[in-house]
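S.K.: First the structure, then my questions, so here it is.
The values are calculated or read from the model by the stated rules, or taken from the named source; none is laboratory data. Please read all numbers here as calculations on a predicted model, not as lab measurements. Reconstructed Cβ throughout: ideal geometry from the backbone, glycine too, with neighbour counts over all protein chains shown. Ligands, DNA and RNA are stripped out before the accessible areas are found, and what is left, the full protein with its side chains, is counted by its heavy atoms. Shrake-Rupley method; radii C 1.70, N 1.55, O 1.52, S 1.80 Å.
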Amino acid sequence: MTTSTTEMPTAGYGASFLRGLKSFTLLRESWVGMVGAFLVLFWITVAILAPYLAPFDPNSSIQPFAKPGIEATKGGGTFWLGTDHIGRDILSRIIWGSRTVLIYAPLATLSAYTLGILMGLAAGYRGGWVDDVLSRIADIILSFPVLVLYIIIIATIGASGINIIIAITFASSPGIMRIVRGLVLDLRNRDYVAAAQTRGESDWRVMLIEILPNARGPLIVDACLRLGYVIITIGVLGFLGLGLPPPDPDWGGMVNETRQMAMAFPHMTLFPCIAISTLILGFNLLADGLREISLRD
Amino acid sequence: MNDNLEPVLVCKDLCISYYTRAGEIPAVVDFSLTVKPGETIGIVGESGCGKSTVAMAVMQYMGANGGIKSGSITFKGRDLTQLSEDELRRIRGAEISMIYQEPFASLNPSLKIKTQLMEVPLAHEDISKDEARQRSVQMLADVKLPDPERIMESYPHQLSGGQQQRVVIAMGLLSKPSLLLLDEPTTALDVTVEAGIVKLVADISKKFGTSQIYISHNLGLILETCDRVFVMYSGEVVEEGTINSLFTWPRHPYTHGLFSCIPLPTADKNAAPLKPIRGQLPLPFDRPQGCYYHPRCDHFKPDVCDVDHFKMEYVENSAADDHRVRCLRYKEIDHRQDTSDVEVKESLKLGKRVLNVDGMKKYYEVRDNSLKAIISGKRIRYVKANEELNFTARESETVAIVGESGCGKSTFAKVLMGLETGTEGEVRHKGKDISEIAVRDRSDKQISSLQMVFQNPFDTLNPSHSIGAQISRVIKKFGVETDKNKIFDRVMRLLDTVKLPRDFYFRKPRQLSGGQKQRVGIARAFAGNPSMVIADEPVSALDVSVAAAVTELLMDIQREHKTTLLFISHDLSVVRYLSDRIVVMYLGHILERGTTEEIFSPPYHPYTEALLSAVPIADPEVTKREIVLEGNLPSAMKPPKGCPFCTRCHRKIGDICDNEPPQNQAVSERHIIKCHIPLATLSEVAPVINVPDESERIHTQQ
Amino acid sequence: MVMLVIKRCGFMIFTMIVVSLILFMLLETDLTGDPAARVLGQFSNAEQRELWREQHGYNQPLMLRYAKWLGNFATGDLGESIRFKGPVADVMLPRLWNTAILGFWTFAVMIPLSLILGVLSGMKEGSKLDRSISVFGILTTSVPEFASAVIFSSLLVFGLQWLPGTSSMAGGFEFKQLILPALVLIVYDFGYVARMTRASMAEVMTSQYIRTAVLKGLPYKSVIVKHALRNALIAPFTVIMLQINWLLSGVIVVEFFFAYKGFGALILEASLNNDIALLEACAMVAVCVAVTTQTIADIGYTFLNPRIRFS
């Protein structure tokens, strides 16, 4: 038995990496999930390659009211999706706009999740008055109609990128907390949690190492859905004129700026709408595919 | 019996498959069965052997991915596989009924019992609502439910588990079916409740003449209810015969193996230990060539057993002429001769006292938020989970705590482990009172010397972490080893101890079977060299053959480490087999305690007596006195004023039982009975279980 | 049961008071910037601001101001709107009525539609109908209201010229103008309710008591209507009640887009014009509506669920 250190079994961490890869390839079996993953990857690629893909500078007025497919009169190049009322190329603005949305939405979701998970763990695991207080706070925040809450927050702290993240964190972490709390209430009665408790592990270790990893399935699905919803929120805020301050491109804001001209120039509003819808659709389909797979095994 | 009558059900050469993404999975292969009128057939087997699939095939309710591949199911001359959905509907519930494993889940939670009962005759017969109602009330009375009118107006959740199962049985019998299928109808119930249901089931065919198919994993229950038995293994029947011929002389090695895994009254942990079947059940798509059982069989002969798949054969020279077996070598094997290779294990010397429980109480505070409680000001009530517990345990000793659900045995374990703190009294572990020290305030040494093996194998390991990481953590946490290599080394040795391959270190729990997980659970409990281990029903969720192996393993490790084992269980047969002393609990009280010998012979506490009678024993030559308890376990919120057992006691002597809590009476120094009945009277009671002498036996199983 | 109703109603009132406190702290105190600056604009000078604060009683003690504010609110004095130069109540009531009309038609179409389709697809999980409804549901919930408003207008207004592009009802109430806003709301909310109904129905259909009902030999219709629906519609009931809360958000976008003179557009106008009194009143009304429906949802859920009702 003394030589057992040398008899190390060979099946190592490489195998677990392969398994992770395999669970991703499982997505292939859900075509809904595949379409979702494709759409999301498409927009991520566009966002990353924005400087190389965009034919024009997104913020400079070149030629107003150009219809889709028209050649630029000076400097060459084609306005594939036309230009807006002050002559900015819509395709370039959509491409750069994908960066805005794919930076702010994940950041806001991440920040909401961090807060929501911490609150949910505390409420679900500790129970008692901690749970009572946190749940009441969540109930109160959730009793606001969401958009009214955003309007009030933005009205008091002003519209800016960071404030949008704050507003989204504030408004969506209670919902995340409720989900996490429900999962924790279920998981904390498992025997392996009791086993950890009976060997005197600290509360934080039990919560973060024993409980949280086992809640990841439903949370990943929810995160995808919520990401889609955050994108809608950012778009709606932009559309209502409460979003990011101009001139940087923001899909919701583009619709807002040009909607008065939609009758004569539908391309100005239509294309940003299609862009935002496909991205949200991507996340929603991805969530559905992931859920389908998680139910299967 | 009724040989000249037309059979009720004939299954012929039935093959049933499930179709999944992984391909076709043959669930049941080559299954033939005949049920005569009034006959009760038992189907016994471990999980995954296909026994429930047979029942579902008879009901023609296979789900979207299941189908009958070949063969026929003929019910009263009609092939069920050929009927239309509408024709099937008229047979289901009217001529064939089914009783399910979980009564609560099988009743609609939002409809009253009367609605759910009355719709059965209304759907099948042309009768009025009044008539349907009358018949339902009558049937509820027939299944011995008290106050049928009140039950009719109840919702399912307002009834206890036993009552729910009686309602489901009543529902099944309402249209006077000729065949009743029972799929593990008592698995979800407590033993004393189970005994009542089993008696009811046994009476059905007598009273209504209904044929029955009784599916169970428990050979003892089959013995008590059935006329003939089919033993299934991995999708096929390996042996069938009358109860008498099969139970007295099982011919198939698997059947024989099953009997050797059950702690029958003849088994003894030292002189005649259990003999687990080695290996595991093969997965349906992974069945071996030839006999499906050959990789686990002690009588395997190469080039005979592993060549072709073969059919059932009639057993020659059997007591009954319809004993069949699926084994090529059954004539060459004589199970009576292989008692020789049973290893005799040394009995242990008990050491010094390790645990001393003295007057331990645990009360929970419950807030009552009902309007009535607020007005009367009695908002805080106490649930007395443990009341005055007194007992001791020594080094190397196995002490069993026995009781049904809600008796307080798990609460006691929690106090011991420090997950809860006791309300009063002392729990001295190695001389130090730990009852009021929560686990976070205990030293690593205290914690590591007191560890636990949990009940549910699917819950005991964290699915997110590898086996190695989970055992290493314990070693690191308790400071047994600190060096990384030494920790790894120790994990390897622990895996060896629990007889698991070393490369399990890297596996995740979901790649393990239930028995393997439970072994890891044992390795984890013993990783910190505990002086005492609490095992909370460690094998109750496992199959018989696997359970025996885990039980033996646990006892071997205990022997080696001289550990004190506190074994919590509801199963008196396991407890009788492995424990030195027994504590019987009911509603938080210890009603009786003493050595195993003392508990199993008179004088008994009336509750112990009932428990003993309720345990099914898979030996036709063992006789039992029948005691069926009436009523339900009282709520711990409102325990009876006097003796906790007075509401169900069959030996109640009068008002004193209702009004005064009984005192402990000492039979011997360590045998205590808490009862009002004088010891002299209790001593006159006849033994519940009678095991014939070795010489009087027709055949021995061990 | 009685206790539960009392408890829920108590919590409802508690929530409203807390919300009022939050609104007061956010909008009426210095916590998030000078309210005077918010009303007078960033170019006002310190003197003007001080004068305004004096006039409007902002220099009184905080608690006194809150008590007064709450008292006025409770007695129906909602203050003066700066934007509309009149009592807030007079501005708000007709707007609320308009939104109620829009909400009514949205629900009248959306609920039966999504319940029926949800139940149908949940009945046979994995069927073609189920899959199409599922994907269609995801599709419609993925298009934000403003985007579907743009798409529907370019199709039905600019393209086919079937419907008017604005719904300002300038020449009196006209049903035709209501169609587009309602359609946008229906399309967006339909997917969610239908999917929740489907999930609930599918779960019930796999439950053991449905198996019992089938194996009792009941006709399929009876299994569905008597055994499944009763249990499957409990969850969607709550979802629908909570949907009122979501509708309030959707209404803001749609009313803004189609220039419909409703409550949602009013909140937005109040916010964009720093009309504090109006914003407070609107927010309070919105929260009250939301909390009330949630309370009804909770009590209704208990009532529909005999397991909770009798324990």
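S.K.: So, in the range B:489-505, how many residues would count as being at the interface with another protein chain (Cβ under 8 Å from one of its Cβ atoms) and surrounded by 18 or more Cβ atoms within 10 Å (Cβ to Cβ)?
M.R.: 3
S.K.: Looking at B:I68, B:I73, B:I41, B:I16, which is the one that is β-branched (V, I, T) and within 22 Å of B:A202 (Cα to Cα)?
M.R.: Testing whether each residue is β-branched (V, I, T) and within 22 Å of B:A202 (Cα to Cα) leaves just B:I41.
S.K.: Out of everything in the range A:128-160 that is open to solvent by less than 10 Å² (accessible area, probe 1.4 Å) and among the small types (G, A, S), what residue ends up being nearest to the other protein chains (Cβ to nearest Cβ)?
M.R.: A:S143
S.K.: So C:L185 passes all but one of these: (1) in a loop (DSSP other than H, G, I, E, B); (2) open to solvent by less than 10 Å² (accessible area, probe 1.4 Å); (3) closer than 24 Å to C:S142 by Cβ. Which condition number does it fail?
M.R.: (1)
S.K.: Can you run down the residue pairs with Cβ atoms below 9 Å, 6 or more apart or on separate chains, where the first is in the range A:82-106 and assigned to a strand (DSSP E or B) and the partner is among the acidic types (D, E)?
M.R.: As it stands, the answer is A:T83/A:D89; A:D89/A:D57, since those pairs meet every condition given.
S.K.: If you don't mind, there's one more thing I want to ask. Mind telling me which of the residues C:A228, C:A235 ends up being touching a residue at least 60 places away in the same chain (Cβ under 8 Å) and part of a helix (DSSP H, G or I)?
M.R.: Residue meeting the stated conditions: C:A228.
S.K.: Something else about it: Give the range B:304-315 a look and list any residue that's open to solvent by 60 Å² or more (accessible area, probe 1.4 Å) and either closer than 26 Å to B:K275 by Cβ or of a type in the set (V, I, T) (or both), or say none.
M.R.: Within the range B:304-315, B:V307, B:E313 qualify.
S.K.: Determine which single condition A:L227 fails, assuming it passes every other condition in (1) under 16 Å from the mean Cα position of the chain (by Cα); (2) more than 9 Å from every other protein chain (Cβ to nearest Cβ); (3) open to solvent by less than 10 Å² (accessible area, probe 1.4 Å).
M.R.: Answer for A:L227: the failing condition is (3).
S.K.: Do we have any residue at all in the range B:500-512 that's closer than 26 Å to B:G351 by Cα and hydroxyl-bearing (S, T, Y)?
M.R.: No - not one qualifying residue is present in the range B:500-512.
S.K.: Across the range B:51-80, what is the total count of residues that are within 25 Å of the chain's Cα centre (by Cα) and open to solvent by less than 10 Å² (accessible area, probe 1.4 Å)?
M.R.: Count: 2.
S.K.: Exactly one of these conditions fails for A:R178: (1) within 14 Å of chain C (Cβ to nearest Cβ); (2) without any contact (Cβ under 8 Å) to a residue 40 or more places away in the chain; (3) of a type in the set (D, E, K, R). Give me its number.
M.R.: (2)
S.K.: Quick check: anything in the range C:138-146 open to solvent by 70 Å² or more (accessible area, probe 1.4 Å) and without any contact (Cβ under 8 Å) to a residue 12 or more places away in the chain?
M.R.: Step one: of the range C:138-146, the residues open to solvent by 70 Å² or more (accessible area, probe 1.4 Å) are C:139.
Within this subset, residues satisfying the condition of being without any contact (Cβ under 8 Å) to a residue 12 or more places away in the chain are none.
Looking for residues that are open to solvent by 70 Å² or more (accessible area, probe 1.4 Å) and without any contact (Cβ under 8 Å) to a residue 12 or more places away in the chain, one finds none in the range C:138-146, hence no.
S.K.: Tell me the residue from C:L23, C:L102, C:L117 that is under 27 Å from C:Y188 (Cβ atoms), surrounded by 12 or more Cβ atoms within 10 Å (Cβ to Cβ) and under 22 Å from the mean Cα position of the chain (by Cα), please.
M.R.: C:L102
S.K.: What is the one condition in (1) within 22 Å of the chain's Cα centre (by Cα); (2) within 30 Å of A:I70 (Cα to Cα); (3) hydrophobic (A, V, I, L, M, F, W, C); (4) open to solvent by less than 30 Å² (accessible area, probe 1.4 Å) that A:I274 does not satisfy?
M.R.: Going through (1) within 22 Å of the chain's Cα centre (by Cα); (2) within 30 Å of A:I70 (Cα to Cα); (3) hydrophobic (A, V, I, L, M, F, W, C); (4) open to solvent by less than 30 Å² (accessible area, probe 1.4 Å) one by one, A:I274 breaks only (4).
S.K.: Within the set of pairs 6+ apart or on separate chains, which have a first residue in the range B:597-624 that is under 19 Å from B:V399 (Cα atoms), a second that is among the aromatic types (F, W, Y) and open to solvent by 10 Å² or more (accessible area, probe 1.4 Å), and C-beta atoms under 9 Å apart?
M.R.: B:T608/B:F600; B:L612/B:F600
S.K.: Considering only the range B:380-429, give the strands (runs of 3 or more DSSP E) lying wholly within it that have at least 3 residues that are open to solvent by 10 Å² or more (accessible area, probe 1.4 Å) and away from chain A (no Cβ under 14 Å).
M.R.: Answer list for the range B:380-429: B:380-394, B:424-429.
S.K.: Which of the residues that make up the range C:291-311 are of a type outside the set (G, A, S) and facing chain B (nearest Cβ under 9 Å)?
M.R.: C:L304, C:N305, C:P306, C:R307, C:R309, C:F310
S.K.: Let me ask something else about it. So which residues in the range B:467-484 are surrounded by fewer than 20 Cβ atoms within 10 Å (Cβ to Cβ) and either within 8 Å of another protein chain (Cβ to nearest Cβ) or over 20 Å from B:F504 (Cα atoms) (or both)? Outline the logic, then answer.
M.R.: First, pick out the residues of the range B:467-484 that are surrounded by fewer than 20 Cβ atoms within 10 Å (Cβ to Cβ): B:469, B:476-477, B:479-484.
Listed by number, the residues that qualify are B:K477, B:G479, B:V480, B:E481, B:T482, B:D483.
S.K.: Do you know which of the residues in the range A:77-110 that are among the basic types (K, R) and surrounded by 23 or more Cβ atoms within 10 Å (Cβ to Cβ) is nearest to A:Y52 (Cα to Cα)?
M.R.: Among those that are among the basic types (K, R) and surrounded by 23 or more Cβ atoms within 10 Å (Cβ to Cβ), it is A:R93.
S.K.: Turning to a different aspect of this structure: What helices (runs of 4 or more DSSP H) lie completely within the range B:48-146 and have 2 or more residues being more than 30 Å from B:E24 (Cβ to Cβ)?
M.R.: The qualifying helices (runs of 4 or more DSSP H) are B:103-106, B:113-124, B:129-142.
S.K.: Exactly one of these conditions fails for A:I220: (1) closer than 30 Å to B:I534 by Cα; (2) within 14 Å of chain B (Cβ to nearest Cβ). Give me its number.
M.R.: (1)
S.K.: While we're looking at this one, here's another question. Under 7 Å by Cβ, and 6 or more places apart or on different chains, what pairs join a residue from the range C:285-311 that is under 16 Å from A:I141 (Cβ atoms) with one that is open to solvent by 60 Å² or more (accessible area, probe 1.4 Å)?
M.R.: Short answer, once both residue conditions are applied: C:Q294/C:L242.
S.K.: Would a scan of the range A:118-127 turn up a residue that is within 14 Å of chain C (Cβ to nearest Cβ), in a helix (DSSP H, G or I) and either without any contact (Cβ under 8 Å) to a residue 12 or more places away in the chain or not β-branched (V, I, T) (or both)?
M.R.: Checking the range A:118-127: not a single residue is within 14 Å of chain C (Cβ to nearest Cβ), in a helix (DSSP H, G or I) and either without any contact (Cβ under 8 Å) to a residue 12 or more places away in the chain or not β-branched (V, I, T) (or both).
S.K.: Looking for something open to solvent by 20 Å² or more (accessible area, probe 1.4 Å), assigned to a helix (DSSP H, G or I) and under 30 Å from B:I127 (Cα atoms) - is there at least one such residue anywhere in the range B:217-236?
M.R.: no
S.K.: Looking at B:I127, B:I169, B:I151 in this structure, which one is away from chain C (no Cβ under 11 Å) and touching a residue at least 60 places away in the same chain (Cβ under 8 Å)?
M.R.: Going through B:I127, B:I169, B:I151 in turn, just one is away from chain C (no Cβ under 11 Å) and touching a residue at least 60 places away in the same chain (Cβ under 8 Å): B:I169.
S.K.: Still on this structure: Show me the helices (runs of 4 or more DSSP H) found entirely inside the range B:493-603 where at least 2 residues are of a type outside the set (A, V, I, L, M), in contact with a Pro (Cβ under 6 Å, 6 or more places away or on another chain) and over 28 Å from B:K445 (Cα atoms).
M.R.: Of the helices (runs of 4 or more DSSP H) lying wholly inside the range B:493-603, those with at least 2 residues that are of a type outside the set (A, V, I, L, M), in contact with a Pro (Cβ under 6 Å, 6 or more places away or on another chain) and over 28 Å from B:K445 (Cα atoms) span B:572-578.
S.K.: Starting from residues that are polar (S, T, N, Q) and part of a loop (DSSP other than H, G, I, E, B), keep the ones in the range B:175-200 and report whichever is surrounded by the most Cβ atoms within 10 Å (Cβ to Cβ).
M.R.: B:T186
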